[in-house]
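Colleague: I am attaching a structure below and will ask some questions about it afterwards.
The values are calculated or read from the model by the stated rules, or taken from the named source; none is laboratory data. This is a predicted model, so every value here is computed, not measured. Every residue, glycine as well, gets a Cβ built from its backbone with ideal geometry; the counts of neighbours run over all protein chains shown. Please note that ligands, DNA and RNA were not included when accessible areas were found on the heavy atoms of the full protein model with its side chains. Shrake-Rupley method; radii C 1.70, N 1.55, O 1.52, S 1.80 Å.
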Amino acid sequence: MKPIALISSLFFLLMACNNSDTEEKKSDNDMDAARNFLEAALKGDYKDASRYMLKDSANLEYLNVTERGYQRLSADEKSKLKGASLRFFDTQQVNDSTTITIFANSYKNDKDTLRILKTSGQWLVDLKYLFEHDMDTSNYNPKNKIDTIQK
């Protein structure tokens, strides 16, 4: 009886260890979700990035387009993006479940805007906001903030 119990215990222990790769990754807060998403994208790991993204048809298509663009980059450009750090310039919490942040990476230094939403208790990036919002962040100046968020 003891060998069966021992083998069963080892089997369950091994199964528990193997499930760590399939666990859904979660972010602790809004900025953690943005950072996790953007860092994965800078590394070219779009499968990982999608774990921090609101999954709707528009977001999935925008992520696909972004990934195809990344694949066309030279090895040198990919390396520079992987080594880039993130910079967050301004963050606005619209309400308890929506945050807007302006960010750039240290390689390209192009400012852009990202929306992060809390859905079912989980913070997720709404990538389509980056493509569809109407604010030009290339000339962002915190002294001249323009509120483009419709309330």
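Colleague: Just to be sure before I move on: is residue 134 outside any strand (DSSP E or B), at pLDDT 95 or above and farther than 20 Å from residue 40 by Cβ in the structure I sent? Talk me through it step by step, then tell me what you get.
Modeller: Details: outside any strand (DSSP E or B): yes; at pLDDT 95 or above: no; farther than 20 Å from residue 40 by Cβ: yes.
No.
Colleague: Hey, another quick one. Scan segment 98-107 residue by residue and report those that are in contact with a strand residue (DSSP E or B) (Cβ under 7 Å, 6 or more places away or on another chain) and open to solvent by 40 Å² or more (accessible area, probe 1.4 Å).
Modeller: Answer for segment 98-107, where residues must be in contact with a strand residue (DSSP E or B) (Cβ under 7 Å, 6 or more places away or on another chain) and open to solvent by 40 Å² or more (accessible area, probe 1.4 Å): just 106.
Colleague: Tell me which residues, restricted to segment 34-60, are in contact with a Leu (Cβ under 6 Å, 6 or more places away or on another chain) and farther than 23 Å from residue 79 by Cα.
Modeller: Selection gives 53, 54, 59.
Colleague: Still on this model: Output the number of residues of segment 108-128 satisfying the condition of being hydroxyl-bearing (Ser, Thr, Tyr) and either open to solvent by less than 60 Å² (accessible area, probe 1.4 Å) or modelled with pLDDT of 95 or more (or both). Explain how you work it out, then say what you get.
Modeller: If we filter segment 108-128 for residues that are hydroxyl-bearing (Ser, Thr, Tyr), which is where we start, we get 113, 119-120.
If we keep only those that are either open to solvent by less than 60 Å² (accessible area, probe 1.4 Å) or modelled with pLDDT of 95 or more (or both) as well, we get 113, 119.
So the answer is 2.
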